[in-house]
Amino acid sequence: IAVVDVLGHGVAATKSALSVVHTLRAVAFDDTPLEEMVGRASALLERQDPDLVATVVLARLDPRTGRLRIASGGHPPALIVSSDGRVRQSAATGGAIGWPGAGSDGIEELYLGPGDALLLYTDGLVEARKDIVEGLDSLARETASVAHLPVDQLADELVARALAGADRRDDTLALVVRRRVVPASPVSAPSATGR
């Protein structure tokens with residue numbers, strides 16, 4: 001799972017974002033460890049576009065076990081939302097693609113229980129009112145207040161709330177991944193045979 005945010009706007013930024021996404025996909029398919037993906041992608045991208053700068057947050061989730069690993073490359077912190085609505089910021093850290101020291105230096109590993117969620121987003125969701133610290137605090141409060149919503153409604157509601165009365169209206173994305181509660185399979189009684 002990845003969210004990419006490229007410096008710039010318009011068609012050129014979209015093209016650069018696609019380059020980052022495709023490069024991350026290539027290094028993932030090459031079995032690059034999560035902790036090395038941002039640095040490796042940065043090294044590859046630097047060769048084709050030395051001016052490209054992008055932040056990225058990556059996550060690997062095993063839906064069967066709930067094991068979640070998060071890596072950051074200069075991106076705002078992912079939020080972990082428990083099934084009871086508690087929200088906390090991920091501790092994953094790192095440097096942005098295209099900057100000296102690009103890479104992930106603080107991988108976070110945790111387990112999502114059934115009903116727990118991961119929120120990845122672009123900085124427009126927290127910078128819409130130009131105060132990023134207040135934006136991060138506000139996002140955590142807003143997420144806690146609507147954590148009970150289905151994931152698609154939760155993402156839409158967070159974007160709508162962030163942009164309500166905001167100075168900026170671009171670069172705003174919320175991606176919510178929730179580990180589903182899998183109903184237990186009914187236990188069937190063994191069939192009796194008349195032997």
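Values for this structure:
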quantity	calculated
Region 1-105, relative contact order in percent, only Cα pairs under 8 angstrom and at least six apart counted	28 percent
Crossing angle, helix 34-48 versus the chain [Cα axis fit, 0-90 degrees, rounded to tens]	40 degrees
Relative counts (whole %) of C-alpha pair distances in region 1-131, using bins that are 5 Å wide	2, 11, 20, 23, 19, 13, 8, 3, 1, 0
Region 52-111 - charge dipole about Cα centre, Lys and Arg +1 at Cβ, Asp and Glu -1, debye rounded to 20	140 debye
1.4 Å probe accessible area per residue over region 74-183, in Å²	51 Å²
On Cα atoms only, tilt of 151-163 relative to the major axis of the chain in degrees	30 degrees
Whole-number percent relative contact order across the chain, with pairs defined as alpha carbons under 8 Å at least 6 apart	19 percent
Chain lengthening between E157 and D49 when straightened (0.36 nm per residue, less Cα-Cα)	35.3 nm
Among 137-144, 12-19, the order from most to least packed when residues are scored by Cβ within 10 Å on average	137-144, 12-19
Per principal axis, descending, Cα span of region 40-95 in whole Å	45, 23, 12
Fraction of accessible area attributable to carbon and sulfur, region 1-89 (%, probe 1.4 Å)	53 percent
Residues D84 and A13, FRET efficiency given R0 of 25 Å [Cβ-Cβ distance, rounded to 0.05]	0.05
Nonlocal amide H pairs with L112, under 5 Å, H built at 1.01 Å	R67, L68
Relative contact order %, region 26-73, counting alpha carbon pairs below 8 Å whose residues are six or more apart	32 percent
Prolate/oblate/rounded label for region 103-153 (Cα gyration tensor, a/c 1.5)	oblate
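The values are calculated or read from the model by the stated rules, or taken from the named source; none is laboratory data. Predicted model, so just to flag it, every value in this text is computed and none were measured. Note that we place each Cβ from the backbone using ideal geometry, even for glycine, and neighbour counts take in every protein chain shown. Areas reflect the complete protein model, heavy atoms only, side chains present, ligands, DNA and RNA absent. Shrake-Rupley method; radii C 1.70, N 1.55, O 1.52, S 1.80 Å.
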